[in-house]
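I'd like to ask some things about the structure below.
Each value in this text was obtained by applying a stated rule to the coordinates, not by laboratory testing. Computed from a prediction, not measured in an experiment: that's the story for all the values here. Positions of Cβ are backbone-derived with ideal geometry, glycine not excepted, and every protein chain shown enters the neighbour counts.
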Amino acid sequence: MHIFQKIKYSLVFFCVLLGIACEREGKVHIDQIDYEREKAVGVTFRTEMDVEQLRIFIGEESQQSVIGVIVSEDTQHHFTPVIPFTPGEAYTVRMADTLVMASFRIPERAVVPPNEILAIYPKVDTVPENLLKMYIAFKEPMQEVGNALDFIQVINVTDSTEVQPFLRLESELWNSNHTVLTVWLDPGRIKTDLIPNREKGLPLTAGKRYRMTIDSTWRSREGEPLQQRYTKHFDIGPRDDRKPDMRDWQLRIQKEDSTKSLYFDFKEPMDAYLALETIQLLDMDDRPINGHFKRTDRESVVRFVPDEEWQSPEIKIRVQSRLEDLAGNNLNRLFDTRIAETKKQKQDTGAIRTMRVRIQ
Amino acid sequence: MMKKILLAAGLCALVLLSISATDLTGAAASSLTKDFVNGNPEIASINQMSFGPEGILFLGDSKNAAIYALDTGDVTVTEANNEISIEEFDTKLAAALGTPVENLQINDMVVNPVSKNVYFAVQVADGTPVLLKLKGEGFEHISLQEVRYSKMALADPIAVDAVDRRERPLRHWAISDMKFHKGNVLVSGLSNKEFGSTFRSIPFPFTDAQDYASLEIWHAAHGAYETHAPIKTFDIIQLDQTDYLMASYTCTPLVLFPLDALKDGKHTKGRTVAELGAGNSPLDMISYEKEGSTYFLMSNSNRPVMRIKYDAIASFKDTMTEPVTVFGEAAGVAYDNLPFPYVLQMDNLDNTRVIYLQRLSDGDLKLRTRTTKWM
C-alpha cells in the first residue's frame, strides 16, 4: 500500500473514532426543568463531559453566563440559578462559552391570574385643588421594577395639555404586599410660595377637568399586564384650607342595618386609608370595642362594624390626629401653613383626640 | 542539651505568644459581631446599603422595616484595583441572572472600604432581592439564605399608640438613605401615609435603643419653616469639631442639623445653607479629599453631579431666609456642575477614585471609575 493511502485510511479511522468519542462524550441531554412552587428553579441534565467546561446562557447571543450552583451525582447534574429561569425565555448549555451543546425553553405560565385595578382613591368626582395624594389599589401584587409614574398619564382636558402633577420618588410608596401605591401630588407645588409653586403653580387648577390614564402594559409580579387601560376623570374644586373638626362629625346607627354598624359622617371626604386605621372605639372603662371599619360608597362616610352587640349606651371615640382630609390637613394642622401659624400649631401627629358618644 | 531545651522553651513561648495574639485579634474582630446569629434572616428587600467596619454590610429593608448587619467576611485588605469600565452593564447583569433586563432594577451600589469590592443590591420584578459582588466583568452571588447577621427593627415613632391591632394595616416605610457613622447606623425614611421625614440614629452593635427625630427645615422662598419633606440623601460633615447631618431634600435645599441634637423624638430645626435648584431630586451624596481639601459630590435626577467645597459650607454661617425668586436658581453655598449627567449610583472606590453608574446619551448604562484628580 502506498504510504499516502495508509495515512489516508488512518486519518479516516481516527476521525471515525473521534466522531464516536465526541458523540458519546459531547452529548448533553436535558432531563427536566426543576419546578418549585410553580417557579423554574433549576435544570437537570446528563453528560459525561467535564461539567466544569459547561456554562448556561440566556439565549444564543449572550456572552455572560448565568451564575448559579451545580450539584452533580455521577453523570447527572442539577443547575440552580440565583433567581428562577424566566417563563418564555430560551437558554443554551455551551461548552467553552461558545459551542452550544443543548438548549431548553421555559414554557409560559399556564394560568396567570388576570390583573385589574380595584379602585383609585379618592373616588369622588371633584377634589380640592390642593389634593395631596392618590392611592391606586390593584387586585394582584405589582411588578417591583421600573417607575410607577411611567405608566400614569394625566391630561388637563379643559386645556388639552399633558401635565405631570405627581412627585417622582426613587423609593416608591407601596404597601407591604405591593398591591396599593401611594402617589403624592408634588407637595412643593402645593405649598404657597415654594419655588415650584411660584413657577409652575399648583399641580391641579380649580375649575379644570383632568383625565388620568393608567397604561395596561403595567405588569403584575407574575408578568401579567392589566386587563385594560384604566381612565378616571376628575374635576378640581376650590382649595381646602380647613382642618377636619371632630365637632362637625355625625355618628349614628341605622336601625334597619342588621350589622348595627356605627356610621361616621365626616362631612367631607377623608383619606381613604387613614379613615380606616386611625379611629378606635372604647367602652367607658377604656376597654377596646372589637370590630372593624369599612368604607361605604361615600368617601365622607365610614362605618364601624362591631363584632358583638353594643354593650353600653355610651362609648368613647379615640382618633389619632394624623387622620387627614384630601388636602393633607390633619386634626392638628393645615398642610400648607405660614411661619407665624406654624408656631401656634401642635406638630405631634401621634396625639390622640377623644370624644364621648351616646349610641342608643 | 541545655541549648535544645532553651530553644524548645523559646519556641513554645513563641507559639503561645502567637496563639494569644491570634486570640486577641479574634476577640477584637468579634466584638462587633459577637451577637450575630447564623441562619436565614428572611430579608424581603434591599433598598439601601452601607458598609461599616470589618466587612460588615448594613442592608436597609423597607418591606420588613428593618436594618440587617451582615458579616460578609470580605475583609482582605486590597489597595490596588484595576480601572473599571463596563459597558452595557445592565444587560450583562441581567444575563448573569438569566433574565431580560426589564425584569431587574439596581437599587444601590456600595464599595467595601476594606476589600474595595463593589456590591450591588438588585431587585427582581417579583420583588426578590439579590446581593451581588462585582468580579472582573462578571458577578458573584452573595446568598442571603445562610448568613451571619444581626437585625434591628425600625420602630414606628408615630404608631406607638396604634389603635386597631387586629385590623390595622402596617404603615409602609421607605428607607431613602442610610450611612454608618462613628458606631451608629443613620437612616432617613418616609412613610406612605403622611408626608414627612424621620431620621434615626441606631447604635451598632444593635441594642434595643434607637433615636428618632422629626426635622424642620427653613425652605428659602417659602417664607416659612417646612416641616413635611422627606430627606432624599445625606452625608455627615464636621464643622468646628461638631458632626452635622447634611441632608438633601426634594427640590433641593441642603440643610445642616447638629447630629447630637437629633434624638429622643425631638423636633429639630435645621440651617439651610443652599438651594440647589427646583425641579430636581438628589440621588446620592459622597465626599472625598484632594490636596488637603474636602469636597462633596451629589448626583441628581435632573442635573449633573454637583461638587460642593467643604470650605464653602464651613464659611457659610447664615441660614437662608431670603426667598429665591427665579425658578431653578441656586442660592447660598456655591457649587460646581461636573460634566456627568444621569449618574444613578455613586461611591468612593478608594481614596483617589470614585466609581459610578451612568446612563449615557445613547441609552447605554456604564459602570466606570474616575480619579478625583479630574473631579
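Less than 13 Å Cβ to Cβ from A:Pro113, Lys/Arg counted +1 and Asp/Glu -1: what total charge do the surrounding residues give?
Details: positive: A:Arg109, A:Lys139, A:Arg219, A:Arg221; negative: A:Glu38, A:Glu116, A:Glu140, A:Glu222, A:Glu224.
Around A:Pro113, the charge tally is -1.
Full-extension gain between B:Asp318 and B:Thr294, please, as 0.36 nm times their residue separation minus the C-alpha to C-alpha distance. Intermediate results must be reported in sequence, preceding the final value.
Values: separation 24, 0.36 × 24 = 8.64 nm, distance 2.06 nm.
Working it through step by step, the gained length comes to 6.6 nm.
Checking the table A:Lys123/A:Lys243; B:Lys116/B:Lys263; B:Lys34/B:Lys151 against a 23 Å threshold on Cα-Cα, which pairs fail? Intermediate results must be reported in sequence, preceding the final value.
Values: A:Lys123/A:Lys243 21 Å; B:Lys116/B:Lys263 33 Å; B:Lys34/B:Lys151 13 Å.
As for pairs spanning more than 23 Å Cα to Cα, those are B:Lys116/B:Lys263.
On to the next question. Estimate the FRET efficiency between B:Gln238 and A:Thr44 by the formula 1/(1 + (r/R0)^6), using the beta-carbon distance for r and 60 Å for R0, to the nearest 0.05. Show your work: numbers first, answer last.
Values: r = 58 Å, r/R0 = 0.96.
E between B:Gln238 and A:Thr44, to the nearest 0.05, is 0.55.
While we're on this one: So how do A:Lys133, A:Lys27, B:Lys317 line up by other beta-carbon neighbours within 10 Å, fewest first?
In increasing order of surrounding Cβ atoms, one gets B:Lys317, A:Lys27, A:Lys133.
For the range A:246-358, state the semi-axes of the equivalent ellipsoid (square roots of 5 times the eigenvalues of the alpha-carbon gyration tensor), sorted largest first and rounded to whole angstrom.
Taking √(5λ) for each Cα gyration eigenvalue gives 27, 16, 11 Å.
Tell me, what is the FRET efficiency for A:Lys294 and B:His181 to the nearest 0.05, using R0 = 45 angstrom and their Cβ-Cβ distance as r?
Rounded to the nearest 0.05, the efficiency is 0.45.
To make sure I understand, if each residue's beta carbon is the centre and we count other beta carbons within 10 Å, what order do A:Asp50, A:Asp297, A:Asp265 fall in, fewest to most?
Values: A:Asp50 9, A:Asp297 6, A:Asp265 16.
Listing A:Asp50, A:Asp297, A:Asp265 from fewest to most nearby Cβ atoms yields A:Asp297, A:Asp50, A:Asp265.
Quick check on the exposure proxy: order A:Asp235, B:Asp362 from fewest to most C-beta atoms within 10 angstrom. The partial results should precede the final answer.
Details: A:Asp235 16, B:Asp362 6.
Starting with the residue having the fewest Cβ neighbours, the order is B:Asp362, A:Asp235.
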